[in-house]
1. Between Tyr390, Tyr300, Tyr87, where does the largest GNM mean-square fluctuation fall for the chain, given springs only between Cα atoms within less than 10 Å?
2. Using 0.36 nm times the number of residues separating Arg208 and Thr181, minus their current alpha carbon distance, what extension gain do you get?
3. Contour minus end-to-end for Phe159 and Ser60, with contour as 0.36 nm per residue of separation and end-to-end as the Cα-Cα distance?
4. With +1 on the Cβ of every Lys and Arg and -1 on the Cβ of every Asp and Glu, and nothing else charged, how large is the dipole of segment 47-161 about its Cα centre, in debye rounded to the nearest 20?
5. Once you charge only the Cβ atoms, +1 for Lys and Arg and -1 for Asp and Glu, what is the size of the charge dipole of segment 22-231 about its Cα centre, to the nearest 20 debye?
6. Of Met93, Leu370, Tyr4, whose Cα points farthest to the positive end of the dipole of the chain (charges on the beta-carbon: +1 Lys, Arg; -1 Asp, Glu; origin at the Cα centre)?
7. Given the rule -39500 (n - 2.57) for each run of at least 4 DSSP H residues, summed and divided by the residues of the chain, what is its mean residue ellipticity at 222 nm, to the nearest 500 deg cm²/dmol?
8. Give me the 1.4 Å probe accessible area per residue for the chain, excluding ligands and nucleic acids, in Å².
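The values are calculated or read from the model by the stated rules, or taken from the named source; none is laboratory data. Here the structure is a predicted model, which means the values were calculated and not measured. Reconstructed Cβ throughout: ideal geometry from the backbone, glycine too, with neighbour counts over all protein chains shown. Keep in mind that these areas ignore ligands, DNA and RNA; they rest on the heavy atoms of the full protein, side chains included. Shrake-Rupley method; radii C 1.70, N 1.55, O 1.52, S 1.80 Å.
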Amino acid sequence: MPRYVINGGNPLKGEVEISGAKNSALAIIVAAALATEGESIIENVPQGRDVGTICMILKSLGVDLWFDSQNRLHIKAQNLNRYQAPYDLVRKMRASFYCAGLLLGRLGKAEVPLPGGCAIGSRPVDYHIKGFSQMGADITIEHGFMKATCKKLKGTNLFINRSSVGTTINLMIAATLAEGTTTLENAAKEPEVVDLAIFLNAMGAKIRGAGTDIIRIEGVDKLHGTEYSIIPDRIEAGTFMFAAAITGGDVVIKKVVLEHLRSPILKLEEAGAILEKGANEIRVRAPERLKAIDVETSPYPGFPTDLQQPLVAAMCLAEGTSLIRETIFDRFRYVDELRRMGADIKVERETAIIRGITKFTGAPVEVTDLRAGAALTIAALAAAGTTEIYGVEIIERGYERFEHKLRCLGADIVREETSEVSDIFSQIDEVKV
Ligand code: EPZ
């Protein structure tokens, strides 16, 4: 189990380039497999574990895909011919459930494991399944799988009970090849949804209204490959913004879309950071000490739930008491780890009450989920002493070369492999009895 070893106290200084958006790449890679003609070439794909997993799943379904020397991902899906997604790969990542929309749309048949729970809550997929059923699929849920068949999905009017990125993406993927028009009411408006719609239209789909709460998808007979570049990752950008602000740093974060960062920018300015915006970059300078603020997470364009954890880490050192309310997921488990570093946080139902302290102290801590890992790393960068962060393979699911980018900004951080329990047993074998 790899770990980071971080000696805190260095202010982050310099420039960092943001990678492509993980949550856009996962949707677009699956959607590319809808094409029966040509090949898609996708640029700015972040090289993280989750992208690797979705590529392995598509390969297992018969899709040809490879990265070229310029790190562009090529996808040729003519040979997609298997409708059963493998459990051992799907269990690693919830976004694998997008294969349900792909397989139903492409093959009229899908057997996909239901995603299990995860560290940030139960995260059901009932809205996805309801949408497929309303589009005419016959669905049975058995042995932990969703088994669905439908000769051809039928376009219809769908209302999604609450703003859901995954549901919007999965139903959009399924509806592109359906017969007739599908409307998604109460659709998610996240930039990753818009990125997917633009990509699908470049493949020959007919989608209008992405980015609003009503998306119309007119079904087409087939789709073809296209060339495309993934939008920058707004959550990675926000993570570096909070890292600069909490370490007393001065960082220029390059290759961002400012429009996607409006709420984190406004909240960080409210906390006293000095932000200078360029065309597609933002400079973040830390104040002497951040001020406590109140934040409530909400669907885009509100404050993103995925930045709740880095924000909480930053507010632990702010002057005053902050109230951070999490309305999307149940994602405060990591607070226990921050407490090990000296944080003064109380969680009451869905609100974290954070009383600012003057500094974190280094400690061994464990990553519970992707964004918690980012929060612990940020806290460690600002801590007095050494922090060991265990389970960093979870961070590598969604941050490309995270420790490398931080080291380039002056952080004292190394990644080490630790011995697995199994190694210990092999060592015992070697002991002369
Ligand atoms: C996506 O998750 C992102 N993941 C999450 O990012 C992000 O936090 C979330 O959207 C924000 O809404 C990817 O894009 C791969 P939802 P998703 O459907 O689609 C409930 C990260 O760190 N719901 O928008 O799973 C759900 O429980 C990850 O990169 C149902 O009840 O989230 C939640 O309370 C973490 N039934 C709410 O809707 C359903 O069928 C919003 O979830 C679907 C969702």
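1. Evaluated over the chain, the most mobile residue of the options is Tyr87.
2. 8.6 nm
3. On the way: separation 99, 0.36 × 99 = 35.64 nm, distance 3.26 nm.
Result: 32.4 nm gained on full extension.
4. Here segment 47-161 has a charge dipole of around 180 debye.
5. The calculation lands at about 360 debye.
6. After comparing all options, I get Met93.
7. Details: 14 runs with 134 residues, N = 433.
Mean residue ellipticity at 222 nm (helix-derived): -9000 deg cm²/dmol.
8. Numbers: 17500 Å² over 433 residues.
Each residue of the chain exposes 40 Å² on average to a 1.4 Å probe.
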